[in-house]
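These notes concern the structure reproduced below.
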Amino acid sequence: MEIFERVKAILFNPKEEWTVIEAENEPHINVLTKYLLILALIPTLAFFAGEYLENRSKYNDYMETEIANMEGIYNNYYGYMKTSAEQQMENNKKVANFEEAAEELFRMANPFGTIKWNIIFAACLFGIIVGGAYISATIINALSNRFGSEKDFNRTFSLVAYSLTPLCIAGVLYAFHSFASFVPYIGLYGLYLLYLGIESQLKPAVDKKSTCLVISAIAIIGVWLVLAKIAVPEIQEKVMTEEYISIMKENRTGNDIFRRPIEKQMKSELENHKY
């Protein structure tokens, strides 16, 4: 319940809550383990659920279509014929074999719709949030002298971590693909929290508060964009390309000569997994 009260207070009564956070002056490891790691699980689990449900929906639609096509062919061919019990059993086996073949074709056409890749994509989001918080806090703390503030990583990390609260809470929308694109925009409310928390946490010089806010906001947003839009997708693309080429080789349908079009295909595939 303690974390629920903190979330509610920082979202709806932030000015007073920053005063409480200032008085606590928790070590950054406590803020990480008791707050940020827990909140980061919300978008992580939601993203996994969204990926799983979306892939499951695609699979069900594909199989229903293929089975309907197979049944149509079957009815056209056997619909007006009397069949024996043995013939019926043989036909049922053919249908079952067809379903297995259709499922295998779907897996080959959608190699990144598996549980394994659902977990990978979700874990990457978790790493972006937690890793991004540390990187942002490190940058802000390193530049603290520019706005007349003393270096204090604990307070800087608290500022960044609590400012990420709206993003983490809004992350529940990742469970619904049609609403997932709103998450970063809702997370921008964190800039207001940042604005309110800068004075109590970083204590910048009066004439440099605006500079402090701008630098801190650029650090947080910049790190998010670099990790979520460039660095992590780049790594994912390379790993996915190698795995797809490996799958093609196993099925004897390709080799390294197809690398460039496959890389383009992976870029397109990643559009379905944006953070």
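Read the figures in this text as sums done on the coordinates, not as results from a lab. Everything numeric here is computed off the predicted structure, so don't read it as measured data. For neighbour counting, all protein chains shown are included, and Cβ atoms are generated from backbone atoms with ideal geometry for every residue, glycine included.
Between Gln265 and Glu16, the distance separating the two model label sites (each 7 Å from Cα on the Cα→Cβ line) works out to 5.9 nm. Run the paramagnetic zone check for Asp61: 7 angstrom along Cα to Cβ, then residues of the range 176-200 with backbone nitrogen under 14 Å. The answer is 177-178, whose backbone nitrogens lie closer than 14 Å to the label point.
In degrees, nearest 10, range 0 to 90: what is the angle between the Cα axis of helix 14-24 and the longest Cα principal axis of the chain? Relative to the chain, helix 14-24 is tipped by roughly 70 degrees. What angle, in degrees between 0 and 90 and rounded to the nearest 10, separates the Cα long axis of helix 37-78 from the longest principal axis of the Cα atoms of the chain? Long axis of 37-78 versus the principal axis of the chain: about 10 degrees. Note on Lys34: aspartates and glutamates with a C-alpha under 15 Å away, same-chain residues under 8 apart excluded, are Glu2, Glu5, Glu24, Glu26. Taking Cα atoms, how many degrees apart are the long axis of helix 209-225 and the longest axis of the chain, rounded to 10 and kept between 0 and 90? That helix lies at roughly 20 degrees to the long axis. The C-alpha atoms of the chain occupy a region whose extents along the principal axes are 90, 45, 26 Å, arranged from largest to smallest. Binning the C-alpha pair distances of the range 126-275 at 10 Å intervals from 0 yields a P(r) profile of 11, 33, 24, 17, 10, 4, 1 %, listed from the shortest bin outward. Residues Glu104, Glu22, ranked from the fewest to the most other C-beta atoms within 10 Å, line up as Glu104, Glu22. Shape index of the range 130-219: Rg/Rh, with Rg the Cα radius of gyration and Rh the Kirkwood radius from the inverse mean 1/r over Cα pairs, equals 1.04. Would you mind pulling out the separation of the Cα centroids of the range 1-66 and the range 112-130, in Å? Rounded to whole Å, the Cα centres lie 15 Å apart.
When the chain is described by a simple charge dipole with +1 on each Lys and Arg Cβ and -1 on each Asp and Glu Cβ, the residue from Leu225, Ile247, Pro166 located farthest towards its positive end is Leu225.
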